[in-house]
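The values are calculated or read from the model by the stated rules, or taken from the named source; none is laboratory data. Treat the numbers as computed from the prediction; the structure is a model and nothing was measured. Reconstructed Cβ throughout: ideal geometry from the backbone, glycine too, with neighbour counts over all protein chains shown. Accessible surface is based on the protein model in full, side chains and every heavy atom, while ligands, DNA and RNA are left aside. Shrake-Rupley method; radii C 1.70, N 1.55, O 1.52, S 1.80 Å.
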Amino acid sequence: MAIKVLNPGLLTSVQDLGRPGYFHLGIPVSGAMDRYAMRAANLLVGNEESAAGLEAVFVGPQLAFAEDAMIAVTGADMPVKIDGEIQPGWTALPVKAGQVLSFDFLTAGARIYIAVAGGIDVPVALGSRSTYPIGALGGFKGRAIARDDELPVGRPSGRAISGRGVPD
């Protein structure tokens, strides 16, 4: 499955929990700035907490789903919209094929985290899928996502947490 980027937002990149152990080579840990929010989003959709997701800063992206998916959005207060209808954050949300995920204006905080069941399936670089744009390392082609990118998604585990707080 792939997710098509209709609008990347201000700065949206693939992140996970980072790549420790390479600072002596000049490569920072990178990874999600809010590790708690990234881990929570992943756990809500049934991923390992270290799976790759998207981190968006100040302005959320607009993403089209080619297939049904389970997503979760955590972090800053930025209203989540599916096909223009406001949805709750910090919960697992089903998205149907053809639907578009977008966001309203930020009201508090700075970064949101978007997890998709199966994780964003970009290649691992030095033990992480996180984007380090200065070194063009990791993430999606070593850079922030851009309009018309197609983000690959891994295979879901089927362990998503429903809005009732229990595994589906």
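Here are some residues: E49, E67. Which one is in a loop (DSSP other than H, G, I, E, B) and either more than 20 Å from G139 (Cα to Cα) or among the basic types (K, R) (or both)?
E67
Report, ordered by the first and then the second residue, all pairs with beta carbons closer than 6 Å, sequence separation of six or more or different chains, a first member in the range 80-93 that is under 18 Å from G53 (Cβ atoms) and open to solvent by 50 Å² or more (accessible area, probe 1.4 Å), and a second member that is aliphatic (A, V, I, L, M) and outside any loop (DSSP other than H, G, I, E, B).
Pairs found: Q87/V80; Q87/L93.
Does any residue of the range 132-146 turn out to be touching a Leu at 6+ places or on another chain (Cβ under 9 Å), in a strand (DSSP E or B) and among the small types (G, A, S)?
no
Restricting to the range 1-58, name every residue that is aromatic (F, W, Y) and either in contact (Cβ under 8 Å) with a residue 60 or more places away in the chain or in contact with a Cys (Cβ under 6 Å, 6 or more places away or on another chain) (or both).
Y22
Which condition breaks for S102 when tested against (1) assigned to a loop (DSSP other than H, G, I, E, B); (2) among the hydroxyl-bearing types (S, T, Y); (3) open to solvent by less than 40 Å² (accessible area, probe 1.4 Å)?
(1)
Name the one entry in E67, E49, E55 that is in contact with a helix residue (DSSP H, G or I) (Cβ under 9 Å, 6 or more places away or on another chain), farther than 21 Å from P133 by Cα and among the charged types (D, E, K, R).
E49
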